[in-house]
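Written below as structure tokens is the structure these notes are about.
The values are calculated or read from the model by the stated rules, or taken from the named source; none is laboratory data. Since we're looking at a predicted model, the values are computed, not measured. Here the Cβ is made from the backbone with ideal geometry for all residues, glycine too, and neighbour counts use every protein chain on show. What goes into the accessible areas is simple: the full protein's heavy atoms, side chains included, and nothing from ligands, DNA or RNA. Shrake-Rupley method; radii C 1.70, N 1.55, O 1.52, S 1.80 Å.
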Amino acid sequence: MPLPGWSMSKTWTNALVGLRVQQGELDLEARPDVPEWRAAADDPRARIGWTDLLSMTAGLAWNEDYDDPNSDALRMLFGSVDHAAVHACQPVAAVPGTTYCYASGCTNLISRLLRATFADDRAYWAFPRTALFAPLGMRSAVLETDPSGTFVGSSYGFATARDWARFGLLLQDDGMVGERQLLPSDWLARSTRPAPGSDGEFGWHVWLNADPDGDGPRERMWPDLPADLLHLDGHEGQYCAVFPTERIVVVRLGCTKRGGFGLTALLRAVQAACR
């Protein structure tokens with residue numbers, strides 16, 4: 001049964017960007033062309049780059065609080081026609097590339113920028129299915145759009161548990177599908193570099209368990225789990241965790257609105273059972 005992944009969908013967006021880079025249709029060194037940032041020649045938002053968006057260090061103000069009915073995230077998801085525009089119109093709060101701020105609007109701005117790399121919308125709307133889901137055998141997977149036709153890459157991904165796991169295998173295998181290099185060969189290495197200010201917990205739209213400060217006093221989020229652990233996290237307790245070295249993928253789909261879910265206990269138990 002296809003179930004919502006909520007923010008697990010963000011890592012699909014990471015992969016879609018990687019696919020366009022692999023196809024030669026997207027240059028991460030080029031400045032994103034955002035219409036809302038063209039009005040003034042000295043608009044500081046024009047300095048925001050692709051890597052800032054991917055690492056959520058764009059420096060724009062954002063409130064992701066789902067308990068605040070007037071938060072930017074809820075205003076975007078449930079009250080806007082163009083989700084990307086909500087984030088693009090936010091004021092500057094920090095120098096790009098310096099401050100981590102988790103923002104679903106950032107992902108949807110990426111989705112709209114991806115749309116602009118296609119000659120027509122029909123090709124864009126087919127892209128997740130033909131370029132990502134079909135090669136992985138993810139027959140149930142669907143990514144929905146906002147009213148303007150842009151994929152809600154932050155939140156509206158649906159798939160069965162097995163298909164979420166198939167995506168996890170792509171990460172486990174460093175972007176390979178069989179003998180085919182689906183994502184750029186260095187994509188996972190770049191995606192798993194911790195974002196500045198994220199304490200080793202976030203890369204390019206994927207959660208990490210990396211050391212936040214080398215030999216410093218701070219510990220990894222889960223010290224007793226592998227440092228190369230990757231995970232996709234959904235708002236209501238959906239998870240896809242990937243142990244690349246141990247070659248384990250764990251998917252948990254559920255709806256845990258309050259109190260959280262004991263993910264670490266589950267991961268430890270599965271890891272122990274596989275040894």
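In this structure, is VAL21 of a type in the set (Val, Ile, Thr), modelled with pLDDT of 95 or more and over 22 Å from TYR100 (Cα atoms)?
yes
Mind telling me which of the residues SER185, SER198 ends up being farther than 20 Å from MET56 by Cβ, assigned to a loop (DSSP other than H, G, I, E, B) and either at pLDDT 95 or above or aromatic (Phe, Trp, Tyr) (or both)?
After applying the criteria, what remains is SER185.
Suppose we filter the range 28-71 for residues that are polar (S, T, N, Q) and exposed (fewer than 14 other Cβ atoms within 10 Å of the Cβ); how many remain?
1
Out of the range 1-47, which residues are in contact with a strand residue (DSSP E or B) (Cβ under 6 Å, 6 or more places away or on another chain) and part of a loop (DSSP other than H, G, I, E, B)?
Matches in the range 1-47: PRO2, GLY5.
Right, LEU263: of a type in the set (A, V, I, L, M, F, W, C), at pLDDT below 95 and in contact with a strand residue (DSSP E or B) (Cβ under 8 Å, 6 or more places away or on another chain) or not?
Considered against the rule, which asks whether it is of a type in the set (A, V, I, L, M, F, W, C), at pLDDT below 95 and in contact with a strand residue (DSSP E or B) (Cβ under 8 Å, 6 or more places away or on another chain), LEU263 comes out as yes.
Say whether the condition of being touching a residue at least 40 places away in the same chain (Cβ under 8 Å) and hydrophobic (A, V, I, L, M, F, W, C) is met by at least one residue in the range 251-262.
The answer is yes; a qualifying residue exists.
Would you mind finding the one in ALA46, ALA58, ALA41, ALA15 that is farther than 25 Å from GLY168 by Cα, of a type outside the set (Ser, Thr, Tyr) and within 15 Å of the chain's Cα centre (by Cα)?
ALA58
Only residues that are more than 14 Å from LEU54 (Cβ to Cβ) and either in a loop (DSSP other than H, G, I, E, B) or without any contact (Cβ under 8 Å) to a residue 12 or more places away in the chain (or both): list them for the range 86-100, please.
Answer for the range 86-100, where residues must be more than 14 Å from LEU54 (Cβ to Cβ) and either in a loop (DSSP other than H, G, I, E, B) or without any contact (Cβ under 8 Å) to a residue 12 or more places away in the chain (or both): CYS89, GLN90, PRO91, ALA93, ALA94, VAL95, THR98, THR99.
Any residue in the range 117-141 that is basic (Lys, Arg) sitting within a Cβ distance under 9 Å of a residue that is surrounded by 13 or more Cβ atoms within 10 Å (Cβ to Cβ)? List the pairs, counting only those 6 or more apart or interchain.
That search, which allows pairs on different chains as well, returns ARG129/MET138; ARG129/ALA141; ARG129/VAL142; ARG129/LEU143; ARG139/PHE133; ARG139/THR160; ARG139/ASP163.
Taking GLY24 and the conditions (1) open to solvent by 10 Å² or more (accessible area, probe 1.4 Å); (2) touching a Lys or Arg at 6+ places or on another chain (Cβ under 7 Å); (3) small (Gly, Ala, Ser), which numbered condition does it fall short on, given that it satisfies the others?
Against the list (1) open to solvent by 10 Å² or more (accessible area, probe 1.4 Å); (2) touching a Lys or Arg at 6+ places or on another chain (Cβ under 7 Å); (3) small (Gly, Ala, Ser), GLY24 comes up short only on (2).
Scanning for something assigned to a loop (DSSP other than H, G, I, E, B), out of contact with any Pro (no Cβ under 7 Å at 6 or more places or on another chain) and under 20 Å from ILE248 (Cα atoms), does the range 111-134 turn up at least one residue?
No; the residues of the range 111-134 include none that is assigned to a loop (DSSP other than H, G, I, E, B), out of contact with any Pro (no Cβ under 7 Å at 6 or more places or on another chain) and under 20 Å from ILE248 (Cα atoms).
Which residue out of PHE118, PHE127 is out of contact with any Ser or Thr (no Cβ under 6 Å at 6 or more places or on another chain), among the aromatic types (Phe, Trp, Tyr) and open to solvent by less than 30 Å² (accessible area, probe 1.4 Å)?
PHE127
For the condition more than 21 Å from THR51 (Cα to Cα), acidic (Asp, Glu) and under 17 Å from the mean Cα position of the chain (by Cα), what is the one hit in GLU144, GLU179, GLU201?
That would be GLU144, the only listed residue that is more than 21 Å from THR51 (Cα to Cα), acidic (Asp, Glu) and under 17 Å from the mean Cα position of the chain (by Cα).
For the range 77-113, which positions are in contact with a Cys (Cβ under 8 Å, 6 or more places away or on another chain) and either modelled with pLDDT under 95 or surrounded by fewer than 19 Cβ atoms within 10 Å (Cβ to Cβ) (or both)?
Listed by number, the residues that qualify are ALA93, ALA94.
Answer yes or no: is there a residue in the range 155-169 that is free of Cβ contacts under 8 Å to residues at least 24 places away in the same chain, open to solvent by 10 Å² or more (accessible area, probe 1.4 Å), of a type outside the set (Asp, Glu) and in a loop (DSSP other than H, G, I, E, B).
No, every residue in the range 155-169 fails to be free of Cβ contacts under 8 Å to residues at least 24 places away in the same chain, open to solvent by 10 Å² or more (accessible area, probe 1.4 Å), of a type outside the set (Asp, Glu) and in a loop (DSSP other than H, G, I, E, B).
Considering ALA84, ALA58, ALA73, ALA88, which residue is touching a Pro at 6+ places or on another chain (Cβ under 9 Å) and under 19 Å from SER7 (Cα atoms)?
Result: ALA58 is the single residue among ALA84, ALA58, ALA73, ALA88 that is touching a Pro at 6+ places or on another chain (Cβ under 9 Å) and under 19 Å from SER7 (Cα atoms).
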